[in-house]
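Visitor: Before anything else, here's the structure in question.
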Amino acid sequence: ARDTRTAALLGGSADLLKNLGLWPELARDMRPLDAIRIVDRRGGPIPVPEILFRASEIGHEAFGYNVANAPLVDCLHSAVSSHSSITLHPSTSTRIAPSETHVDVEAADGACFRVKLLAAADGRASPARDAMGTAVDRHDYPQVAITITVAHTRAHGNISTEYHRPAGPLTSVPSPDFAGAPASSIVWVETPDEAARLMALDETAFIAELSSHLAPLLGTLRPLSRRASFPLIQLRARTLGARRIALIGEAGHV
């Protein structure tokens, strides 16, 4: 299934894509984050005023850009596929054997490779990290993030809004318009029990609950993607590079 999430690309990530010449192709699938609104809903004894930070205050056009994961991956895959110095081998690895001078990799289709460096971007359950033999420090948070993309009747003004609540933040991030209607990506952090209850609701009931928390920010909501939930964890490999393996992304840090 295609990834329905979005990624907020901040300065370094945006610069990388611009330097690769991929920015124009992604422009239609992203929204600038011109401002960030912080709203305190923790219920403390002293009310905290709402705060709006604008990127223009520090001389930037935007704090970052929100782009859908699926077109981002499609764009990167297309760039890699057409690059004369890169050969794609679409297969999973079944054996990774590092040494002091090389790494042997055996693919599920039987192909074998001997390489001087293995750049392992194989995710939070990284087989390459296991082969490298580094220890991992992990902390599980008592929180679950629910994600969904919605269309809405009120404009977001390219403003990302964060409601800070006792169970965790509820954030709406501007997304590209859908069929002429403004849209936003929602990340709703709750306790595991409450997240399970919300995920079990039918679509109408879920949107009603979400609307009650966001009202009147975005107006009437309409779901554009399926709901998904993700337990929040912190994971860090104690070593990011050893035995000719270098960990990249979530293989090294979640």
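The values are calculated or read from the model by the stated rules, or taken from the named source; none is laboratory data. As the structure is a prediction and not an experimental result, all values here were calculated from the model. Positions of Cβ are backbone-derived with ideal geometry, glycine not excepted, and every protein chain shown enters the neighbour counts. Areas reflect the complete protein model, heavy atoms only, side chains present, ligands, DNA and RNA absent. Shrake-Rupley method; radii C 1.70, N 1.55, O 1.52, S 1.80 Å.
Visitor: Whole angstrom only: what separates the Cα centroid of the stretch 14-29 from the Cα centroid of the stretch 139-209?
Guide: A separation of 27 Å, based on Cα centres.
Visitor: Mind putting a number on the dipole of the chain about its Cα centre? Charges go on the C-beta only, +1 for Lys and Arg and -1 for Asp and Glu, and I need it in Debye to the nearest 20.
Guide: Value, rounded to 20: 240 debye.
Visitor: If each residue of separation counts as 0.36 nm, what is the full-extension length gain between Ala135 and Ser13 once their alpha-carbon separation is subtracted?
Guide: Separation in residues times 0.36 nm, less the Cα-Cα distance, equals 41.1 nm.
Visitor: Same structure, new question: Using a 1.4 angstrom probe, figure out how much accessible area the stretch 135-254 has per residue, in square angstrom, rounded to the nearest whole.
Guide: Per residue, the stretch 135-254 has an accessible area of 48 Å².
Visitor: Kindly provide the Kirkwood hydrodynamic radius of the stretch 184-254 in Å, to one decimal, from all pairs of distinct alpha carbon atoms.
Guide: 15.2 Å
Visitor: For every helix of n ≥ 4 consecutive DSSP H residues, a contribution of -39,500 (n - 2.57) applies; sum these over the chain, divide by its total residues, and give [θ] at 222 nm rounded to the nearest 500 deg cm²/dmol.
Guide: Result for the chain: -6000 deg cm²/dmol, rounded to the nearest 500.
Visitor: Between Leu20 and Ser82, what is the label-to-label distance in nm when each label sits 7 Å out along the Cα-to-Cβ direction?
Guide: Inter-label distance under the simple model: 1.3 nm.
Visitor: Another one. Which far-off residues, 5 or more places away or on another chain, put their amide H under 5 Å from the one on Thr220, with H placed in the peptide plane?
Guide: Amide H neighbours of Thr220, under 5 Å, 5+ apart: Thr153, Arg154.
Visitor: Could you list the GluC sites (Glu not before Pro) in the stretch 46-121 that lie in coil according to DSSP, counting only those with at most 16 other Cβ atoms within 10 Å of their Cβ?
Guide: Hits after loop and neighbour filter: Glu50, Glu61, Glu100.
Visitor: What part of the accessible area of the chain, given as a whole %, is carbon or sulfur when the probe is 1.4 angstrom?
Guide: Solvent-exposed carbon and sulfur of the chain make up 56 percent of the total.
Visitor: Sorted by accessible area (1.4 Å probe), largest first, how do Ile159, Ile51 line up?
Guide: Order by accessible area, largest first: Ile51, Ile159.
Visitor: Which net charge results when you count Lys and Arg as +1 and Asp and Glu as -1 among the other residues whose beta-carbon is under 15 Å from that of His77?
Guide: Charge balance near His77 sits at -3.
Visitor: Please turn the phi angles of the stretch 57-73 into ³J(HN,Hα) values with the Karplus equation 6.51 cos²θ - 1.76 cosθ + 1.60 (θ = phi - 60°), one per residue in order, whole Hz, x for glycine and proline.
Guide: Karplus-based 3J(HN,Hα) across the stretch 57-73 equals 5, 10, x, 10, 5, 7, 6, x, 9, 9, 10, 5, 4, 4, x, 5, 5 Hz.
Visitor: Would you please give the residues with an amide H less than 5 Å from that of Thr6, counting only those at least 5 places away or on a separate chain, with H modeled from the backbone geometry?
Guide: Asn69
Visitor: On to the next question. For the chain, take the longest principal axis of its alpha carbons; what is the angle in degrees between that and the long axis of helix 203-214, to the nearest 10 within 0 to 90?
Guide: 70 degrees
Visitor: Then there's this: Simple spin-label model, 7 Å along Cα-to-Cβ: Cys112 to Asn69 in nm?
Guide: Those two pseudo-labels are separated by 3.6 nm.
Visitor: Between Trp23, Pro231, Ile248, whose Cα lies farthest towards the positive end of the dipole of the chain when Lys and Arg beta carbons carry +1 and Asp and Glu beta carbons carry -1, centred on the Cα centre?
Guide: After comparing all options, I get Ile248.
Visitor: Stretched out fully, how many nm does the piece from Ile51 to Thr191 gain, at 0.36 nm a residue minus the Cα gap?
Guide: 47.8 nm
Visitor: If I take every Cα pair under 8 Å that is 6 or more residues apart in the stretch 108-254, average their sequence separation and divide by the length, what percent do I get for the relative contact order?
Guide: The value is 39 percent.
Visitor: Here is a further query. Suppose every Lys and Arg Cβ carries +1 and every Asp and Glu Cβ carries -1, with no other charges. What dipole size does the stretch 68-210 come out with about its Cα centre, to the nearest 20 debye?
Guide: 360 debye
Visitor: Kindly write out, for the stretch 111-128 in residue order, the coupling ³J(HN,Hα) from the Karplus curve 6.51 cos²θ - 1.76 cosθ + 1.60 (θ = phi - 60°), rounded to whole Hz, with x marking Gly and Pro.
Guide: Per-residue couplings from phi come out as 5, 10, 10, 10, 10, 7, 9, 10, 8, 9, 10, 9, x, 5, 9, 3, x, 5 Hz.
Visitor: Please get the size of the charge dipole for the stretch 144-254, origin at its Cα centre, with Cβ charges of +1 on Lys and Arg and -1 on Asp and Glu, quoted in debye to the nearest 20.
Guide: Its charge dipole is roughly 560 debye.
Visitor: Let me ask something else about it. Limiting things to C-alpha atoms, what are the Rg and the maximum Cα-Cα separation (Dmax) for the chain, in angstroms?
Guide: Rg then Dmax for the chain, in Å: 21.1, 65.
Visitor: So how far apart, in nm, are the two label points at Thr153 and Arg222 if each is 7 Å from Cα heading toward Cβ?
Guide: Rounded to a tenth, the inter-label distance reads 1.1 nm.
Visitor: Applying the Karplus parametrisation 6.51 cos²θ - 1.76 cosθ + 1.60 with θ = phi - 60° to the phi angles of the stretch 25-38, what ³J(HN,Hα) value in whole Hz is obtained for each residue in order, glycine and proline being reported as x?
Guide: Once rounded to whole Hz, the list reads 5, 8, 4, 6, 9, 9, 10, x, 9, 6, 8, 10, 9, 10.
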